[in-house]
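The values are calculated or read from the model by the stated rules, or taken from the named source; none is laboratory data. As the structure is a prediction and not an experimental result, all values here were calculated from the model. We work out accessible area using only protein heavy atoms, side chains counted, and drop any ligands, DNA or RNA first. Shrake-Rupley method; radii C 1.70, N 1.55, O 1.52, S 1.80 Å.
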Amino acid sequence: MNKIADSIVINIGSLVTPRPHVGLVRGKKMDDILELNDAFVAMRNGIILAVGTGDYTIHQGADTKLIDAGGRLVGPGLVDSHTHLVHYGSREHEFEKKLRGVPYLKILEAGGGILSSVKMTQDASERQLYRQSRHSLDIMLKHGVTTVEGKSGYGLFAESELKQLRVQKKLNETHPVDIVSTYLGAHALPVEYRDRRQKFLDHVVETMETVKKEDLAAFVDIFCEKGVFTVEESRFVLESAKKLGFGLKIHADEIEALGGVELACELGAASADHLMVITDSGIEALKKHDTVANILPSTSFNLNSDYAPARKMIEADLAVAVSSDYNPGSSPSENFLFTLNIAAIHLKMSPAEILNAATINAAHALKKGTQIGAIATGYDADLVIYDAKNWPYVLYHFAINHVKDVIKKGRLVVENQTIIEEV
Ligand code: NIG
Ligand code: FE
């Protein structure tokens, strides 16, 4: 095998990564990562060729480019495995209502909340959607995110759902961040379908067939929640998705626990997400399956509501991921590092647990755990250089962007906090 790299990151003071090739990281093992000092990462054709300490020159040829990390911290590109990236407008007009204590679901019931973003997204052109979402992606990348999951769900009907997914496909082709798409047609029930629920679900399944034909998404998701969609309705949508060959996800146990987590496990979903009010039976189900427990602490922070019981879940040997849930209502911030700060303070997760949760376990939640989420030979060369000496510092010194440079598939795309290369 050719050992000569096309570029090498050298002079890495501290390199942190999930242990290579371990699969889903569960329970106690989440508190274990690999740390190397005085390290290098050699890359070739966008893939990691070698990771080591000391002498890197066996990988150096005449044309090899050296990237000097200056003794800084280097970690894997972050994986944000749950966002609602593509939507139009914002919802600051509902902010005061929320601050005065009007519950999230009450705002939705009155035709606001998700439904007000639906209206704005339905009315937006592809160009408007592309521009707003591209700006969000730029912020995510500058905060170290190299792969993001993005859901539809602000169109509800076929035309606008497909519009969101097409915009996302175009972004994936034109922006350095990789996007994994999820179809979330069942995000809310349109007001005019309140007495014809099954009719709307049939429409969701029909749209799903087009999504499949046009290869616009890898996953299907549903908002399983009191006053939104029931467990039986979720079963109908997710079983149809499974038959069509989609991976599955679910929004469950965010406000009330209905049994969506158990359903996700039974159907072999890649992840069950939110879990703020998860029950012992939900934890038991996740323990027996490879469904990732995807926690979204920025949403708890912003809704001023319960946090998922992360410690209890880790003690129960679950595989936990953490993601931003970036969306215009319950989590309007693209700053993934801040999500990780909240995971430390409010979920009481250790720095090592948070690293596993935001890289390798998040990658598994996207069925990409053998390709991204670790600094290991054969993985995509997605790296973040932090202006910090060690990983705990990044979590402790909160609400600051510590990312200096980002390397995506072997190419320097952010240098000194500025995006320098577009696809
Ligand atoms: O994951 N809970 C459902 N969906 C989103 C919120 C969407 C919105 O409020 O616009 C979430 O929190
Ligand atoms: Fe969400």
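Once you sort the root eigenvalues of the Cα gyration tensor of segment 323-400 as a ≥ b ≥ c, which label holds: rounded (a/c under 1.5), prolate (a/b larger than b/c) or oblate (the other case)?
In terms of gyration-tensor shape, oblate.
Going by amide H atoms built from the backbone, whose H comes under 5 Å of the H on residue 180, apart from near neighbours?
148, 149, 150
Where does the chain land at 222 nm, in deg cm²/dmol rounded to the nearest 500, when only DSSP H runs of n ≥ 4 count, each adding -39500 (n - 2.57), divided by all residues?
-10000 deg cm²/dmol
Given a 1.4 Å probe and the protein chains all in place, what does the accessible area of residue 312 round to, in Å² to the nearest 10?
100 Å²
Please enumerate, by chain and number, the aspartates and glutamates with C-alpha under 13 Å from the C-alpha of residue 199, excluding those fewer than 8 residues away in the same chain.
233
Given the protein chains as shown and a 1.4 Å probe, how many square angstrom of residue 305 are accessible, to the nearest 10?
50 Å²
Each residue of segment 387-396 in turn: what ³J(HN,Hα) in whole Hz from Karplus with 6.51, -1.76, 1.60 and θ = phi - 60°, glycine and Pro shown as x?
Residue by residue, segment 387-396 yields 7, 7, 8, 8, 5, x, 4, 4, 7, 7 Hz.
Can you compute 3J(HN,Hα) from phi for each residue in segment 290-305, using the Karplus curve 6.51 cos²θ - 1.76 cosθ + 1.60 with θ = phi - 60°, rounded to whole Hz and x for Gly and Pro?
Result, rounded to whole Hz: 8, 6, 6, 8, 9, 9, 10, x, 5, 5, 4, 4, 6, 8, 6, 10.
So what's the angle, to the nearest 10 degrees on a 0 to 90 scale, between helix 197-213 and the longest Cα principal axis of the chain?
It works out to around 30 degrees.
What list of ³J(HN,Hα) couplings, whole Hz, do you get for segment 115-131 from phi and the Karplus terms 6.51, -1.76, 1.60, once you set θ to phi - 60° and write x for glycine and proline?
Values, residue by residue: 5, 6, 5, 4, 4, 5, 6, 4, 7, 7, 7, 4, 5, 5, 5, 4, 5 Hz.
Multiply the residue separation of residue 68 and residue 389 by 0.36 nm, subtract the distance between their alpha-carbon atoms, and state the gained length in nm to one decimal.
Computed gain between residue 68 and residue 389 is 114.1 nm.
Long-range amide H contacts for residue 47: which residues qualify at under 5 Å (H placed 1.01 Å from N, peptide plane, sequence gap of 5 or more or a different chain)?
381
Given H placed on each backbone N at 1.01 Å, which residues far from residue 185 in sequence or on other chains put an amide H within less than 5 Å of it?
221
Considering only 143, 397, 274, give the residue with the highest GNM mean-square fluctuation for the chain, with springs between Cα atoms whenever their separation is below 10 Å.
397
Please calculate how many Å² of accessible area segment 79-365 carries per residue, with a 1.4 Å probe and no DNA, RNA or ligand atoms counted.
That works out to 35 Å² for each residue.
What is the helix-to-structure angle for 231-243, meaning the angle in degrees between its Cα long axis and the longest Cα principal axis of the chain, kept from 0 to 90 and rounded to the nearest 10?
Between helix and principal axis, roughly 50 degrees.
If you roll a 1.4 angstrom probe over the protein chains with everything in place, what fraction of the accessible area of the chain belongs to carbon and sulfur, to the nearest %?
Ligands and nucleic acids excluded, carbon and sulfur reach 51 percent.
If contacts are Cα pairs under 8 angstrom and at least 6 residues apart, what is the relative contact order of the chain in percent?
21 percent
What's the long-distance tail for the chain, i.e. % of Cα pairs beyond 35 Å?
Cα-Cα pairs in the chain separated by more than 35 Å: 25 percent.
What figure in square angstrom, to the nearest 10, would you give for the accessible area of residue 68 with a 1.4 Å probe?
For residue 68, solvent-accessible area is about 90 Å².
With angles folded into 0 to 90 degrees, how steeply does helix 336-345 sit against the dominant principal axis of the chain? Use alpha carbons for both and round to 10.
Between the helix axis and the principal axis of the chain, the angle is about 90 degrees.
With a/c under 1.5 counting as rounded, go ahead and sort segment 239-394 into rounded, prolate or oblate using the C-alpha gyration tensor (a ≥ b ≥ c being the square roots of the eigenvalues; past the cut-off, prolate if a/b is larger than b/c, else oblate).
In terms of gyration-tensor shape, oblate.
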